[in-house]
Structure formats: C-alpha cells, structure tokens
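Colleague: Below is the structure I would like to discuss, written out as structure tokens.
Coordinate-derived values only; no laboratory data. Since the structure is predicted, the reported quantities are computational estimates derived from the model, not experimental observations. We place every Cβ from the backbone using ideal geometry, glycine too, and count neighbours over all the protein chains shown.
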Amino acid sequence: MLLSKNKLFDGKKLLITGGTGSFGKNFLKYLSNFDLDEIRIFSRDEKKQEDLRRLNIAANVTFYIGDVRDYEKVKRVTKSVDYVFHAAALKQVPSCEFFPEEALKTNAIGSNNVAEACIENSVKKLICLSTDKAVYPINAMGITKALMEKIILSKARIKSDTTFCVTRYGNVMASRGSVIPLFLEQLENKVPVSITNPNMTRFLMSLTDAVHLVDFAFEHGESGDIFVQKSPASTISTLAEALHQIVNKSDSRAISKIIGTRHAEKLYEVLLSSEEMQSAIDLGNYYKVPIDTRSLEYQKYTDKGLVVDENLDEYTSHNTDRLNIEQTKALLTKLPMMRKYTNS
C-alpha cells in the first residue's frame, strides 16, 4: 500500500469510529507505517475488537467499547485526540429500511455526537465516510447518510478549531456485505449467480482506494469539502462473468438467474449530483466539492441568484469509464481474496 507523502500522522493520536469494519482494518494497516503516539479503535462489537486485537497490526492501538449514539462516551474517547476518522454507521440497506429509526440514531445523531465532541475537545480534523446513496437518496440508509453530510457541513460553517471533511464512496469491492463474496460463494457451490439486473452498474473501488481517498482528503481538505474518487465501473453481468472466468478458469458463460431489482436499490450509483458538479474541482484522480458559503437568507437572492450550467450531468457509474470482462478480471485479481483462485 502506498504511503502518504506527508508525515502529519507522526507523533499524533488518532481515533477511528467503527474501527473494526472493513475500512477500519485496512486503514489500521496503513497507519502502521507511521510513528503514531496512539490509535484508538471505537466500536460496539467486543468480538470484532478481539479478532482485530489478535492480528497485532500496529503498536500503540487501544480499544474502546462504546456507541456513537452515546455522546458522553464519544466525548471521553475523543479527549486529547488530534484527528478523528468517522466510519461508524449502519450500512445494510435492508436493515435500515426495516428499522429507519435505528439508522437515524447511528448515522445522523451519532455523527452529530462525533462532530460536537470534536469541537468540544478541539480535535484538529474530522474525516467522515459517506456513500453514493446519500446523493438523490431513495432509501433510509441513503437518507440518514445525506443528513449526516448536512450535519457535518453545518458544523463546518461554525468557527471552531476543527476542520470537517466528507469522503463519499461507491461500491467498495469485497467489503463486508458486498456482492463479490456472494458471487464467489455461489460459483464455488456450483449454483446460479443471482443477478438483480444485468444492466445495473456499480463503481469498482478497492479498500486500498478507499484508504487513499481518506488520506487525500486528510492532506488536502479544507473545512466543508466533499471528496470523491474517480473510479471505473462495470455492469453486474460483466462482474459475474469476470468472476466466473477467474474461479472456473473457463470462457463459458456463467450460469445466472435474474432475480429482479431489490427494494430501494438504484440502477446505477451517483457520486456527485449535477448540482454539485457545478462547483466541483477536478483534481486529477479526485473531485472536490467545496462548501457553499453563500448566505441562507433567501431574500438576498430576490434580484440575483446563481447562474448554473444546465448541461452538466451528475457523475455516475453509468457515465464513468466502463470496464469490459478482461479489464474487470484484471482489477479483480488485485484483490487479496482472489489470490487462492489466481495462484492455483
């Protein structure tokens, strides 16, 4: 994994909320390259903490059991911390659909607790992880993540010692609960691959990419910035076929069954809305959307508002670089979980 060019982590105390998840574990591996004073892992699951503790990824790691819903606990765990990386969230769309009040408590109210604790304890920078589902949200998970973003941007408008930034992700390959592990299980068991819609597209972003995006936001972000990475995409049918060829080492078509689009599922992912593209800054591999600092006193716009480009499209998995089967295979074979198929 590539190292950051900066040494701003050296000698610092960092906190990762939701630190036992897929991102947290990979970010912890990345942080092991730095001479940190302390890395705090804050999460609810003692079993996952014990599993992570046994990996001995980095020195100076301390574990805290707690929930971002508990403001007093969040305030204590952020005390004397320099930087916070907020990954704690309810992410499963069906769970959030069935229990939207729980998604609200964790994703929105919990994020507000983290932001308020950072302000109170003069944390230097807070990086929050968001999702494409927050753009034009159609499900409870996306709605609560969109509200999280609005809360973080509202804190950025208030003068404090804390810099607030948001990173927004599309599909992260092989992360917990993602489609790749499901497809692999089905292929290994010789059962048809369950495809919702063969024309559905998803961004293909690795966990390493996710870590680099957060590091880029940390290094370059100003308060209120939203960052996304430019990523390629493939259709679900292309992804299934690429996995089939890797696992079965065959050019024959994968056997699949079309199960239909699931409840509250989009045909494609949107990382930036057309409205956000109006102010997005192209940084090469990334887009940055600065905070809108205009006054919210709408009477000021009676005579003059903002001129917009009506021809700007949103940035989606439908209009990004589209990978074919061979290109998708090349990307998939870089994943650690695919080594058992490529080395045999």
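Colleague: Quick one: which of 160-166, 128-134 comes out on top by average Cβ neighbours within 10 Å, and what's the full order, highest first?
Modeller: Top of the packing list down: 128-134, 160-166.
Colleague: Here is a further query. If eta is 0.890 mPa s and T is 25 °C, what Stokes-Einstein diffusion coefficient results for region 166-258, Kirkwood Rh from Cα pairs, in µm²/s?
Modeller: The diffusion coefficient I find is 167 µm²/s.
Colleague: Place a +1 charge on the Cβ of each Lys and Arg in the chain and a -1 charge on the Cβ of each Asp and Glu, then give the dipole magnitude about the Cα centre in debye, rounded to the nearest 20.
Modeller: Value, rounded to 20: 940 debye.
Colleague: For SER256, list long-range residues whose amide hydrogen, built 1.01 Å from N in the peptide plane, is under 5 Å from its own amide hydrogen.
Modeller: So SER256 has HN proximity to VAL193.
Colleague: Going by Cα centres, region 317-344 and region 193-223 are how many Å apart?
Modeller: Here the two parts' Cα centres lie 14 Å apart.
Colleague: Highest GNM mean-square fluctuation, the chain, Cα pairs closer than 10 Å: which of MET141, MET277, MET173?
Modeller: Maximum fluctuation in the GNM of the chain, among the listed residues, is at MET277.
Colleague: Pairs LYS75/LYS105; LYS48/LYS73; LYS12/LYS334; LYS230/LYS300; LYS29/LYS249; LYS124/LYS304: which exceed 27 Å Cα-Cα?
Modeller: In this structure, LYS12/LYS334; LYS230/LYS300; LYS29/LYS249; LYS124/LYS304 lie more than 27 Å apart at Cα.
Colleague: Can you list residues whose amide H is under 5 Å from PHE63's amide H, if they're 5+ apart or on another chain and H is modeled 1.01 Å from N?
Modeller: Answer set, sorted by chain and number: ILE41.
Colleague: Among the aspartates and glutamates, which have Cα under 18 Å from the Cα of LYS159 when same-chain residues fewer than 8 positions away are ignored?
Modeller: ASP82, GLU116, GLU120, GLU149, GLU222, ASP225, ASP292
Colleague: Once every DSSP H run of n ≥ 4 in the chain is given -39500 (n - 2.57) and the sum is divided by its residues, what mean residue ellipticity at 222 nm do you get, rounded to the nearest 500 deg cm²/dmol?
Modeller: After summing the helix terms and dividing by the residues of the chain, the value is -9500 deg cm²/dmol.
Colleague: Amide H of LEU272 versus every other amide H placed in the peptide plane: which residues, excluding those fewer than 5 positions away on the same chain, fall under 5 Å?
Modeller: Amide H neighbours of LEU272: TYR315.
Colleague: Now a separate question. Gap in Å between the Cα centre of region 269-304 and the Cα centre of region 129-188?
Modeller: Taking the Cα centre of region 269-304 as reference, the centre of region 129-188 is 19 Å away.
Colleague: May I ask you to order 329-337, 115-123, 258-266, 72-80 by the average number of other C-beta atoms within 10 Å around their residues, highest value first?
Modeller: In descending order of packing, they fall as 115-123, 72-80, 329-337, 258-266.
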